[in-house]
Structure formats: C-alpha cells, structure tokens
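Structure first, then comments.
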C-alpha cells in the first residue's frame, strides 16, 4: 500500500470519527440518550480521562500530559508505518486503525479538553462503557495486531 493511500485512509477514518461526534453533539444534550435498538443507545458523554475514564480528574495539566503522551505514541506508530513499512497487510491495517483512533480522540482532547463518547451497548442490567468510533478503531486495531503477532509473526521462526 502506498504512503499516499495510507495517509488518505487515516484522514478518512479520522474525519468519519469527527463527523459522528459533531453530529451526535448537535442532536443530543450532555447525558441525553436516543434509543436505537433494544441493546444500543446513543448517549452523549464527555470523557476527560482515557479508556474507561481513567485519569478523569487530571484537570488542565492532566489534559496536556495525555495529549503529549498520546502524541508520542502516535508518532512512534507513524514511524513504523512510514519508515519501517510493515510487510504484512494485517499488521499495516492494524496500525492504520490504531493511529486513526488515536488521532480522532487526540483532536477532541486537544481542542475540547475531553473526548466525545456516545455509543452505549447494554444488555438487561449489564452496561458496557460508552465509546465512539475512534475507540472502536483502536480496539479492532489491537485485536488485529495481536492476531498478526501471535498467528503470523511468531510462526515465522
């Protein structure tokens, strides 16, 4: 995959994430829910922390610490894609998803001070955390990367 295609795919995924967050923020008030299916709501929340609201109480300094830390991680992953160029498509796709998700949430954190989350999956009394498209990209990317590592990379020896 050419670097131009990789860049365009990352931009497309980040734009889709940002559009979804803008749309949901324009239709729902903070804390408001829209029931879509018996197991799915759109519920608008603002997450100042990271995954599962960890570091939610970090305040202004915590916000910029997270922006810097996440930027460093994303910089390293971008280096892996553009300078080291993964040989296997599964590894490349996983890194594209992780980078796109990280950038999508980084934009929110840097410009808003929090991440817009809205997808709420639940079943009866069990409620999963509220998340967004960027979180989904990261999760799927990590699953793909682990699959690549354990089933392809480790079997090369």
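The values are calculated or read from the model by the stated rules, or taken from the named source; none is laboratory data. Values in this document were obtained by computation on a predicted structure and should not be read as measured data. In this analysis, Cβ positions are derived from the backbone assuming ideal geometry, glycine residues included, and neighbour counts consider all displayed protein chains.
The residues of segment 74-113 that are in a helix (DSSP H, G or I) and loosely packed, with under 14 Cβ neighbours inside 10 Å, listed by number, are 75, 76, 79, 82, 83, 84, 89, 111. Just one of the listed residues (106, 90, 146, 95) is at pLDDT 90 or above and closer than 27 Å to residue 27 by Cα, namely 106. Of the residues in segment 14-35, not one is part of a helix (DSSP H, G or I) and at pLDDT below 95.
Scanning segment 1-37 for residues that are over 30 Å from residue 87 (Cβ atoms), more than 16 Å from the chain's Cα centre (by Cα) and loosely packed, with under 12 Cβ neighbours inside 10 Å turns up 26, 29, 30, 31, 35, 36, 37.
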